[in-house]
Amino acid sequence: MYVLYLKKFHRNNLQDSLTVSDTVTLQCNGLSADGKRVDFSLVVVLFPAANKGILYFLNPLLSFNNQTAIESAPDTISQQIGKHIPFVLGSETSAYFNLSQEKFSRLIDFLGGLNFYLDPGSQKSSPKFQRYVGKTLLSGEETIDLLKKPQQAIDYVERMNQQKSIFLNLLEKMASLDKKLAPNWLDTIYKLGDTNLSQEEFLAFFRILTAKKVFFHTYEAAGELKEQGGLTFLAFKAEASRIGYASFQKNFLEKPNPNEPEARIEILNGTEINGLAKRAKVLLNYKNFLVLSTDNAWSDTIQESVVINRSGNTEYAYRIAKSLKIKKVAHIIRKQAGLDVTVVLGENIGIRP
């Protein structure tokens, strides 16, 4: 079962509050089909007045008591998060939306599948699904398969990257379909779940996500990898999480300094046209973006250009795509790369050396 808790604070009516300067948070916990394991946990923090949001992730290996990871405590996951996360975010939980794993899969299929992009670093097949570099469309079943991989403790960073990529793509898919699906599509989604939100409150929240462009960034709870009694877990660092999140939120909501270059970018030339990456670098430097490197891509026959979000900051990705007139934006999070964006230039790029 996937359990989503909507934290609404400093308000009496959610629908009214979403039209003013306020903060709404949505806590999401995904449980395995048998209900014995937590597959993912995150809190969506939405700032309607700023058209921005933060996806605050909790690694399934995180432990609040230095004994049991939340991954293996599905019965108490909501209580644990309700107890510890308000200290980090400064608010209480008051509403929820429950969605079983089966219905989560149905949701993805109802949306027409999940648009995804794989590069050589993220193209990893499973026993059930063969995956290839490039654009792909994930079914609900394959989305769940990808969401749960990898599960080894040593791969906890990659697991977070995978989950962040999936949820950013899911939010983008829902926003892109708002004007294309029948008017009652949100009603259908609402009826898939079990919730204490009224239908009006549920619709009001998702209309904020889909009515206009909301830029997201990702962050995660601080933890220290430990081994104890044969178990491996991430010991939750409450104070570090609170301080880190407060600073992150402040920086994310502030307007950029026009005197400082933005983003950390690499440009990869996926064509046989010499000098193409350097030309793109000149254009981005002119618009105050910081290009750290240029190189050749994994192939020189890439047809479609793509801007890949690496750090989780969707605003950077979309602004850079607009600057280069690239239509395709993908989310393949890899924070350890030290980049915000990878630009892959294909044959359809409109610039020439």
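The values are calculated or read from the model by the stated rules, or taken from the named source; none is laboratory data. This structure is a prediction, so every number in the text was calculated from the model and none was measured. Cβ sites come from the backbone with ideal geometry, for glycine too, and all protein chains shown count toward neighbours. SASA here: full protein model, heavy atoms, side chains in, ligands and nucleic acids out. Shrake-Rupley method; radii C 1.70, N 1.55, O 1.52, S 1.80 Å.
The conditions of being farther than 27 Å from Gln162 by Cβ, in contact (Cβ under 8 Å) with a residue 40 or more places away in the chain and touching a helix residue (DSSP H, G or I) at 6+ places or on another chain (Cβ under 9 Å) are met by Leu283. The residues of the range 309-335 that are closer than 24 Å to Leu253 by Cβ and among the aliphatic types (A, V, I, L, M), listed by number, are Ala317, Ile320, Ala321, Val329, Ile333. Residues in the range 294-320 that are closer than 19 Å to Gly53 by Cβ and either open to solvent by less than 40 Å² (accessible area, probe 1.4 Å) or not basic (Lys, Arg) (or both): 10 in all. Residues in the range 255-271 that are assigned to a loop (DSSP other than H, G, I, E, B) and either modelled with pLDDT of 95 or more or within 23 Å of the chain's Cα centre (by Cα) (or both): Lys255, Pro256, Gly270, Thr271. When the range 294-353 is filtered for residues that are among the small types (Gly, Ala, Ser) and in contact with a strand residue (DSSP E or B) (Cβ under 9 Å, 6 or more places away or on another chain), the ones remaining, listed by number, are Ala297, Ser305, Ser311, Gly312, Ala317, Ala321, Ser323, Ala330, Ala337, Gly338, Gly346. Of all the criteria given as (1) crowded, with 23+ Cβ neighbours inside 10 Å; (2) within 19 Å of the chain's Cα centre (by Cα), the one not satisfied by Gln336 is (1).
For the structure I just gave you, tell me whether Leu61 is crowded, with 20+ Cβ neighbours inside 10 Å and over 30 Å from Asp187 (Cβ atoms).
Answer is yes for this residue.
Of the residues making up the range 183-200, those that are without any contact (Cβ under 8 Å) to a residue 12 or more places away in the chain and either touching a strand residue (DSSP E or B) at 6+ places or on another chain (Cβ under 9 Å) or open to solvent by 50 Å² or more (accessible area, probe 1.4 Å) (or both) are Pro183, Asn184, Lys191. All but one of (1) more than 19 Å from the chain's Cα centre (by Cα); (2) surrounded by 15 or more Cβ atoms within 10 Å (Cβ to Cβ); (3) within 25 Å of Glu304 (Cβ to Cβ) hold for Ala235; which doesn't? Status for Ala235: all satisfied but (3). Output the residues belonging to the range 253-275 that are of a type in the set (D, E, K, R) and surrounded by 13 or more Cβ atoms within 10 Å (Cβ to Cβ). Selection gives Glu262, Arg264, Glu266. Inside the range 70-88, residues that are out of contact with any helix residue (DSSP H, G or I) (no Cβ under 9 Å at 6 or more places or on another chain) and either under 22 Å from Val45 (Cβ atoms) or small (Gly, Ala, Ser) (or both) make up a count of 6. Total residues in the range 208-228 satisfying the condition of being free of Cβ contacts under 8 Å to residues at least 40 places away in the same chain and open to solvent by 20 Å² or more (accessible area, probe 1.4 Å): the figure is 4. Which of (1) among the charged types (D, E, K, R); (2) farther than 30 Å from Ser299 by Cα; (3) in contact with a helix residue (DSSP H, G or I) (Cβ under 9 Å, 6 or more places away or on another chain) does Glu260 not meet, given it meets every other one? Status for Glu260: all satisfied but (3). Is it true that Asp34 is out of contact with any His (no Cβ under 6 Å at 6 or more places or on another chain), part of a helix (DSSP H, G or I), open to solvent by 50 Å² or more (accessible area, probe 1.4 Å) and modelled with pLDDT of 80 or more? No.
Being touching a Leu at 6+ places or on another chain (Cβ under 7 Å) and touching a residue at least 12 places away in the same chain (Cβ under 8 Å) is a condition met by at least one residue of the range 326-338.
Counting only strands (runs of 3 or more DSSP E) that sit completely within the range 201-254, those holding 3 or more residues that are within 22 Å of Leu46 (Cα to Cα), at pLDDT 95 or above and in contact with a strand residue (DSSP E or B) (Cβ under 7 Å, 6 or more places away or on another chain) correspond to 215-220.
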